[in-house]
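We did not get these values from a lab; they are worked out from the coordinates using the rules stated. As the structure is a prediction and not an experimental result, all values here were calculated from the model. Cβ: placed from backbone, ideal geometry, glycine included. Neighbour counts: every protein chain shown.
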Amino acid sequence: MSNCIFCKIAAGEIPANKLYEDDEMIAFHDIHPKAPVHFLLIPKLHVDSLAHCDASHQAMLGKLLLLAPKLAAEQGLGDGFKTAINTGAGGGQEVFHLHLHVLGNK
Ligand code: 5GP
Ligand code: ZN
């Protein structure tokens with residue numbers, strides 16, 4: 001999606017403070033952190049939200065969730081962390097590219 005800010009981050013077109021990247025996923029620190037550690041984990045593939053996922057996204061969703069505790073531990077959150085996926089305007093979603101919030105060290 002050409003007008004999607006997270007697609008632009010995934011493509012390296014706009015900068016982000018990245019903590020992880022592979023061929024399918026990228027994680028970067030939130031620009032307005034709501035906790036001492038607050039990063040976002042996204043698929044490089046554009047999907048508007050969790051409500052737009054179907055069975056074709058199953059492996060991607062599994063990988064996303066399994067990556068979260070590994071990256072959290074690397075960020076010093078080995079004793080625990082919070083996750084959130086805001087879905088839709090009514091769920092507080094502001095950027096319509098699926099992303100998992102990981103927060104900790106409050
Ligand atoms: P949402 O409410 O959609 O779940 O959360 C979007 C999150 O993306 C917010 O916490 C916001 O601070 C973060 N964000 C929005 N634009 C950018 C950006 O350009 N760079 C980074 N690193 N974070 C962003
Ligand atoms: Zn996107």
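Go through (1) within 14 Å of ligand 2 (Cβ to nearest atom); (2) under 22 Å from GLY90 (Cβ atoms); (3) surrounded by fewer than 17 Cβ atoms within 10 Å (Cβ to Cβ) one by one and return the number of the condition ALA51 breaks.
Against the list (1) within 14 Å of ligand 2 (Cβ to nearest atom); (2) under 22 Å from GLY90 (Cβ atoms); (3) surrounded by fewer than 17 Cβ atoms within 10 Å (Cβ to Cβ), ALA51 comes up short only on (1).
Take the residues in segment 25-48 that are among the charged types (D, E, K, R) and within 12 Å of the chain's Cα centre (by Cα); name whichever of them is nearest to ligand 2 (Cβ to nearest atom).
My answer is LYS44.
Give me the residue from segment 1-34 that is among the small types (Gly, Ala, Ser) and within 11 Å of ligand 1 (Cβ to nearest atom) and, out of that set, nearest to THR83 (Cα to Cα).
ALA27
Quick check on VAL37: is it within 25 Å of GLY80 (Cβ to Cβ), of a type in the set (Val, Ile, Thr) and more than 11 Å from ligand 1 (Cβ to nearest atom)?
Considered against the rule, which asks whether it is within 25 Å of GLY80 (Cβ to Cβ), of a type in the set (Val, Ile, Thr) and more than 11 Å from ligand 1 (Cβ to nearest atom), VAL37 comes out as yes.
If you scan segment 77-106, which residues turn out to be touching a strand residue (DSSP E or B) at 6+ places or on another chain (Cβ under 8 Å) and surrounded by fewer than 18 Cβ atoms within 10 Å (Cβ to Cβ)?
Listed by number, the residues that qualify are GLY80, LYS82, THR83, ALA84, ILE85, ASN86, ASN105.
Can you tell me how many residues within segment 81-105 are more than 22 Å from LYS18 (Cβ to Cβ) and among the aromatic types (Phe, Trp, Tyr)?
0
Name every residue in segment 54-76 that is surrounded by 14 or more Cβ atoms within 10 Å (Cβ to Cβ) and among the charged types (D, E, K, R), in order of residue number.
If the condition is that a residue be surrounded by 14 or more Cβ atoms within 10 Å (Cβ to Cβ) and among the charged types (D, E, K, R), then LYS63 is the only one that fits.
Which condition breaks for LEU103 when tested against (1) farther than 16 Å from GLU24 by Cα; (2) within 12 Å of the chain's Cα centre (by Cα); (3) within 16 Å of ligand 2 (Cβ to nearest atom)?
Evaluating LEU103 over (1) farther than 16 Å from GLU24 by Cα; (2) within 12 Å of the chain's Cα centre (by Cα); (3) within 16 Å of ligand 2 (Cβ to nearest atom) leaves (3) as the failure.
For the list (1) assigned to a loop (DSSP other than H, G, I, E, B); (2) free of Cβ contacts under 8 Å to residues at least 40 places away in the same chain; (3) within 17 Å of HIS97 (Cα to Cα), I need the number of the one condition that GLY78 fails.
(3)
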